[in-house]
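Visitor: Have a look at this one.
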Amino acid sequence: MTDLRECVDELDKLEDTITSMRCRLSREIRRQRRFAADASHELRTPIAGLRVSLEEAARNPQKTDLENLLSHALSNVDRLQAIVADLFVLTELEASTSLAEYKTVDLAKIIQMQVYRRKDQHKIGLRCRPGILVEAAPEKIGRMLAELLDNAQRHAEHVVEVELSHDSRHAILTVADDGRGIAEADRQRVFDRFIRLDEARSRDLGGTGLGLTIARDIITSHAGTIHVENSSLGGACFVVRLPLADPAVPVSSVDASSNGHHGG
């Protein structure tokens, strides 16, 4: 009788496990379908723009402004290329990052490299403390920072500020702008794929709707977190926390000699 009861209990556990797996699989299928539908919609828009322009030119070749047509076509091709490139990055991120990619890196050096190479219209204020070490894939961390800077530059009015500090366990990176900010109700949604809180403005400024998703996925793959809060500049402030390489090792408290402001 005891053996029978044990068998029944095991079957109940197995049934619960199968049910749980089916629910997770169902959610994943829905997520993938939704993503495929969203991606198709995003790709259709520039393709439709190209088709309309070319068909109009084919019908009225003598009335076609060739310079304007080529400019419009190239703009749509650039958008297609950007979306496809970002989709490829997301696909790569879904695969596990090789441990061989991870190194002990000074986060300040990656940040300074990303900031100094930019030629954006807005000034970037940079405050970085040296010697804040993390275990990371340097190229991916660089890409994450580039996405956050791109987002800040698109929405800033005049200035972007980047700051790196730390607490006892985490490196803390903030990227802030003086733009319109993000409503509290939208601060989780902003990381979803193809989400644009101001769609027309984002399209005009070249956003693909995937940059913040890429940044979040990179941070998550490094066991970090990201959230949005109000910026002291009046706009949005993205706060990234990454585990220190070894929290037991004191971090240098001496400021980098290159601290200050960088004009884009």
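Visitor: Does residue 66 satisfy being in contact with a strand residue (DSSP E or B) (Cβ under 6 Å, 6 or more places away or on another chain) and modelled with pLDDT of 75 or more?
Guide: no
Visitor: Of all residues being of a type in the set (Ser, Thr, Tyr) and not in a helix (DSSP H, G or I) in segment 216-244, which is farthest from the chain's Cα centre (by Cα)? Just the residue, please.
Guide: Per the stated criteria, the residue is 232.
Visitor: Still on this structure, please answer the following. Consider segment 121-164. How many of its residues are under 25 Å from residue 246 (Cβ atoms) and either without any contact (Cβ under 8 Å) to a residue 40 or more places away in the chain or not in a strand (DSSP E or B) (or both)?
Guide: Residues that pass the stated criteria total 14.
The values are calculated or read from the model by the stated rules, or taken from the named source; none is laboratory data. These figures come from a predicted structure and were not determined experimentally. Cβ: placed from backbone, ideal geometry, glycine included. Neighbour counts: every protein chain shown.
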